[in-house]
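A short write-up of the structure that comes next.
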Amino acid sequence: MDDETFEPPNEGTWELDTTHNSRPITWFTRSPLVSGFPRGFAEGLARYGLLLGRYDVAVIGGFMYAQRLPYGFRGSATPEQMRARIATSDRAFTERFWREDLTHWDEVVKPDAVAAHLAVQGVDPTELSDEELAAHVGRCQDHLEAMIELHHRYSAPSLMATGDFLAGALEWTGATAGELMGLLRGTSAISAGFATAELDALADAVAASESGRAVLASPDDPAAVLHALTADPDAGPAAQAYLDAVRYRSIGYDVGEPSAGELPAMVVGAIRAAVAHRKSGPGDDGDAALTSIRARVPAEHLAEFDDRLHEARLVNRLRDERANYSDGWAVGLARRALLETGRRLAERGALADPEHAVDADAAELAALLRGDAGPSRDEVAARVRRRTTLTVDDAPPIIGPPPSPPPPPEAVPEPARRGALAMDAAMANLFGVPDTPNSATVLRGLAVNSGVYEGPARLVADGTDFDRVRHGDVLVTRATSPYFTVVLPLLGAIVTDRGGQLSHAAIVAREYGIPGVVGTREATRLIPDGARVRVDGTTGEVRLVQ
């Protein structure tokens, strides 16, 4: 695998992924990603009979690239198969496949995923022999691949109803995608935090306990504060339950990112903020917004508008649930095993640092644990240096010919047209960013949530920076994962370079009720860390005020 060149696996168009990972992919994650992502995505696309046949991924020059291929590309489907695919697309909407998928998710898939995670989590890597640890690392890599596949198997089910709503409502109302997505607010509880119930219970326990409040207010080291809080006679059980829920949750998509348990300052800050503002949720102006938008819908489309909105609201939670209950957990569990592996190998001089273990794959780590031939410590260190110093700005945005636009709706067979329009609307609002110009002091993006917030900007380049976030900060980052929600109680607003109205940052800002501006393209370059900024969630402007 050559990280020094950008040689694609085929002659097609490969587009750089700038939404999920801002740096090269760790060596451990590459195989699970490249195998699990396209396999899961293809299954979801087939389930809905979509004419986007594959969404392949590859690691090129160390970075994640994606390639979209239509169904039947270069004669890969017979006429009978194409007719069956189109018929499936029609049935997906008339029979509302997402309802069945949501029920199956709730009753079978999610419980099975939780059980699989807990089985891996129940193994303490520090208690294993080297041989057992090598096997456990391999198990973690397999588990990660299975969970990446699961995440993307539910990509189409989680997007179809929302894309269908947007495709119709954008045409009927003239409203912006941001206004329309605001109507889904309050339908995805998990987007406001994975362990919100545990955090709320902890906030109540601390508020009711004099000793718990004293522990939380202590100026001691954050790790010591957490330890003391779990030992508190009143708040201890609630503190332990919350920490157990978030400890092995990754902050990002890759094992190179820390888990929440590695960022005690962030966790303590989140608990303090939750205690200070417990039970204070965002205001609800949804009825007024819905009334205003419905008034714009032509009478002949009003019933369909209401129906599509109902379906989008019904399934909206699946968008972030599928991530939090799949690879968001598996990444953290794999990292736990890797750090123990790295600790042992660093003690023996096989690695320069325990964290370098993330830049070796499972087979290489097994060989090193057994004392067999494997990559040298300098070779692995070189991989780490490349991954931690390069960003997507150092990679070509497109490899191969320019991407072709989607076919016009009239070119799509009528029974498959609704599905194609829904997919186009979803993809455009996942990744599309505006081209409005920015200046040195004013940036423009997509407005998320009404309201204005002014506070200090906190630039977060990777997960380790989350420990610097303080209560009231404005998070400024390239993009967010669905897994960073443990930091939400600290934030006053969110600003990103990338992502559209369906991005995780936009969903989280809406559900948590804070202003957000996404897709500014240049926020991380133009906003200095610590600068005071005003974020306008109505106009989509971010202004440096000093």
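The values are calculated or read from the model by the stated rules, or taken from the named source; none is laboratory data. As the structure is a computational prediction, the values presented were derived from the model and not from experiment. A quick note on method: Cβ atoms are made from the backbone with ideal geometry, for glycine too, and the neighbour counts reach across all protein chains shown. Surface areas here come from the heavy atoms of the whole protein model, side chains and all, with no ligands, DNA or RNA. Shrake-Rupley method; radii C 1.70, N 1.55, O 1.52, S 1.80 Å.
Structure notes:
- Karplus-based coupling profile of the stretch 401-412, in residue order and whole Hz: x, x, x, 7, x, x, x, x, x, 5, 8, 8, with θ = phi - 60° in 6.51 cos²θ - 1.76 cosθ + 1.60 and x standing for Gly or Pro.
- Each peptide in 359-368, 180-189 receives the mean, over its residues, of other Cβ atoms within 10 Å, and ordering these scores from highest gives 359-368, 180-189.
- More than 33 angstrom apart: percent of Cα pairs within the chain: 43 percent
- Cβ-based charge dipole, the chain, positive-most Cα from Leu488, Leu526, Pro354: Leu526
- Close amide H partners of Arg532, meaning residues 5 or more places away or on another chain with modelled amide H under 5 Å apart, are Ala457, Val545, Gln546.
- Selection from Gly53, Thr26, Trp14, by position along the positive dipole direction of the stretch 1-73 (Cβ): Gly53
- Here the stretch 452-540 is assigned +1 on the Cβ of each Lys and Arg and -1 on the Cβ of each Asp and Glu. Its dipole about the Cα centre then comes out at about 120 debye.
- In this structure, the amide hydrogen of Met64, modeled 1.01 Å from its nitrogen in the peptide plane, lies closer than 5 angstrom to those of Asp17, Ile25, counting only residues at least 5 positions away or on a different chain.
- Taking a ≥ b ≥ c as the square roots of the eigenvalues of the alpha-carbon gyration tensor, the stretch 72-123 is classed oblate because a/c is 1.5 or more while a/b is no larger than b/c.
- Computed FRET value (nearest 0.05) for Asp130 with Ala299, which takes r as the C-beta separation and R₀ as 60 Å: 0.25
- In the chain, the portion of solvent-accessible area held by carbon and sulfur atoms comes to 52 percent [1.4 Å probe, whole percent, DNA, RNA and ligands not counted].
- With θ taken as phi - 60° and the Karplus curve 6.51 cos²θ - 1.76 cosθ + 1.60 applied, the whole-hertz 3J(HN,Hα) list for the stretch 13-27 is 8, 10, 10, 5, 7, 10, 8, 9, 10, 8, 10, x, 7, 5, 5 Hz, x standing for glycine and proline.
- The mean sequence separation of alpha-carbon pairs under 8 Å and at least six residues apart, normalised by the residue count of the chain, gives a relative contact order of 20 percent.
- For the stretch 101-177: rounded, prolate or oblate by the Cα gyration tensor [a/c cutoff 1.5]: prolate
- Dipole size of the chain about its Cα centre, with +1 on Lys/Arg Cβ and -1 on Asp/Glu Cβ: approximately 900 debye, rounded to the nearest 20.
- FRET E, pair Asp307, Arg470, Förster distance 51 Å, beta-carbon r, rounded to 0.05: 0.70
- Derived scalar couplings between HN and Hα for the stretch 502-512 equal 9, 5, 5, 4, 5, 4, 5, 4, 5, 5, 7 Hz in order, rounded to whole Hz, by the Karplus curve 6.51 cos²θ - 1.76 cosθ + 1.60 (θ = phi - 60°), x for Gly and Pro.
- Dipole of the chain, positive direction: furthest Cα of Tyr325, Met147, Ala457, with charges on the beta-carbon: Ala457
- Cα convex hull, the stretch 427-487: 130 Å³ per residue, rounded to a whole number.
- Relative to the compact-globule estimate of 2.2 N^0.38 Å, the Cα radius of gyration of the stretch 226-365 comes out at 1.58.
- About its Cα centre, the dipole of the stretch 182-292 is roughly 100 debye, where the only charges are +1 on Lys and Arg Cβ and -1 on Asp and Glu Cβ.
- Shape class for the stretch 1-144, computed from the alpha carbon gyration tensor (a ≥ b ≥ c): oblate, with a/c not under 1.5 and a/b at or below b/c.
- Nonlocal amide H pairs with Ala360, under 5 Å, H built at 1.01 Å: Trp27, Phe28
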